[in-house]
1. Evaluate the following for R95: is it loosely packed, with under 10 Cβ neighbours inside 10 Å and part of a helix (DSSP H, G or I)?
2. Given the residues S85, S68, which is the only one that is part of a helix (DSSP H, G or I), modelled with pLDDT under 95 and among the hydroxyl-bearing types (S, T, Y)?
3. All but one of (1) surrounded by 10 or more Cβ atoms within 10 Å (Cβ to Cβ); (2) out of contact with any Phe, Trp or Tyr (no Cβ under 6 Å at 6 or more places or on another chain); (3) modelled with pLDDT of 95 or more hold for Q47; which doesn't?
4. As an exercise: evaluate T6 against (1) over 22 Å from S85 (Cβ atoms); (2) among the hydroxyl-bearing types (S, T, Y); (3) modelled with pLDDT of 95 or more and give the number of the one condition it does not meet.
5. Pairs needed: first member in the stretch 47-64, in contact (Cβ under 8 Å) with a residue 12 or more places away in the chain; second member anywhere, assigned to a helix (DSSP H, G or I) and of a type in the set (G, A, S); C-beta distance under 6 Å; at least 6 residues apart or different chains.
6. Restricting the search to the stretch 50-66, which residues are surrounded by 12 or more Cβ atoms within 10 Å (Cβ to Cβ) and more than 22 Å from F83 (Cα to Cα)?
7. Could you list, in sequence order, all residues of the stretch 28-46 that are assigned to a helix (DSSP H, G or I) and touching a Ser or Thr at 6+ places or on another chain (Cβ under 8 Å)?
8. Step by step: first the residues of the stretch 67-92, then only those that are charged (D, E, K, R) and surrounded by fewer than 16 Cβ atoms within 10 Å (Cβ to Cβ), then the one that is farthest from I29 (Cα to Cα). Which residue is that?
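The values are calculated or read from the model by the stated rules, or taken from the named source; none is laboratory data. Since the model is a prediction, treat every value here as computed from it, not as a measurement. When we count neighbours, we look across all protein chains shown, and the Cβ atoms used for this are built from the backbone with ideal geometry, even at glycine.
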Amino acid sequence: MENRKTQENHQNTIFFSVPNERQAEIRRILDEVYYALREKGYNPVSQLVGYVMSGDPTYVTNHKNARSLITKIERDEIVEELFNSYIADMTRKNRDSQ
C-alpha cells in the first residue's frame, strides 16, 4: 500500500512558479535602465513613459546597453511591476501611519 501512495504522488503534477525570479529580473533591468538614463542627463520617468506608451525603444539610451535591456521585458510587465511597486509602497505607508 505504501508503494502505491508513492507512485500516486509521483504521478501528480507539482505546481512550479517562477514569477519571483522574473520579477527580480524586471526590477534589475529597470534599475539599470533608470541609472543609465540619469547618467546621460535624461528624465528617466519621461523616457520610460514614452517607451511604454509608444513601444519605440529609441526613448531609451544605448548607454550601458540600456536599450537592449529594456527590450528584454514586455511593456505590460513594466506596467505591472510599476503598479506592484506603487501599491506595495502605499500599503507600507498606510500601515506605518496607523
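1. Details: loosely packed, with under 10 Cβ neighbours inside 10 Å: yes; part of a helix (DSSP H, G or I): yes.
Yes; evaluated as a whole, the condition is true for this residue.
2. S85
3. (2)
4. Status for T6: all satisfied but (3).
5. Y59/G50; V60/A66; T61/A36; H63/A36; K64/A36
6. So in the stretch 50-66, the residues surrounded by 12 or more Cβ atoms within 10 Å (Cβ to Cβ) come out as 50-52, 57, 59-66.
Scanning the stretch 50-66 gives T61, N62, H63, K64, N65.
7. First, the residues of the stretch 28-46 that are assigned to a helix (DSSP H, G or I): 28-39, 44-46.
Of everything in the stretch 28-46, those that are assigned to a helix (DSSP H, G or I) and touching a Ser or Thr at 6+ places or on another chain (Cβ under 8 Å) turn out to be A36, L37.
8. R92
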